[in-house]
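What follows is calculated from the coordinates using simple rules that are stated; it is not laboratory data. Computed from a prediction, not measured in an experiment: that's the story for all the values here. Note: ideal-geometry Cβ built from the backbone for every residue, glycine included; neighbour counts use all protein chains shown.
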Amino acid sequence: MNETVKEKLVRQFCSHLDELPDQIVENLVSEETTDLYSLYAELIALKNEVRIESRQVKSALDEFKSVFETLQTAHEQMTVELEQHRKDKEILTQAVLRPLLLGLLDLYDRLEAGLRSVAAYQPSWSFRWFKRESGMFSALREGQQMTLNRLQNLLDAYGVHTVEVLDQSFDPVCMRAVETEHRPELDNGIVTAVLRTGFVWDDQPLRAPEVRINKSARK
């Protein structure tokens, strides 16, 4: 390109600049050019900020994990303590109530035996003529039955229930054999009579039943 053409182009460019509005010229002059070094520096700064924030997030997660582990340990310890407290309460309850319940069972035996005696009693012919005495006898029997029923309801409320063992095979673990009899038609070891009622307390043995069992000669 010769000098004449260069001068012509420069004059045209200068003429074009003179025609631009002052605001556009000021904006062009004031704009900062971004070179590769500045861009790289900004990227480095951004990378450092991300690294710092990542460390902060990791630190927060570590603290949360520590707090969570502490809460979990406290929860497990509390669960163990509550279970131990429940067991201690059950042991204390049994230690206090067991003698009382056994005392009630003794009263139950006495009432039941008395009721059987009254039911089996046969008054003489002359006694039947005295209506007053006969009525008192009937009232006594009804009163004993009512008392026995109330005692049975009280035992039921505490989870105490009778054990049904009649006509079952004798179990030395949960029964006591106090009498035997010989009945050839039955197998050996069958419970033929309950001499003293057995009870369980919340499915746990409270008093073993005393029974009569069959002692058969059959092998």
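A compact table of results
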quantity: Leu166/Gln204 FRET efficiency (R0 22 Å; Cβ-Cβ; nearest 0.05); calculated: 0.55
quantity: Inter-site label distance for Leu102 and Cys174 at 7 Å from Cα along Cβ, in nm; calculated: 2.0 nm
quantity: Charged-residue dipole, Cβ positions (Lys, Arg, Asp, Glu), region 160-219 about Cα centre, Debye nearest 20; calculated: 320 debye
quantity: Estimated distance in nm for a label pair at Tyr40 and Gln72, the labels positioned 7 Å out from Cα along Cα-to-Cβ; calculated: 4.7 nm
quantity: Label point distance in nm, Leu140-Glu185, each placed 7 Å from Cα along Cα→Cβ; calculated: 3.7 nm
quantity: Local net charge near Arg212, Cβ-Cβ under 11 Å (Lys/Arg +1, Asp/Glu -1); calculated: +1
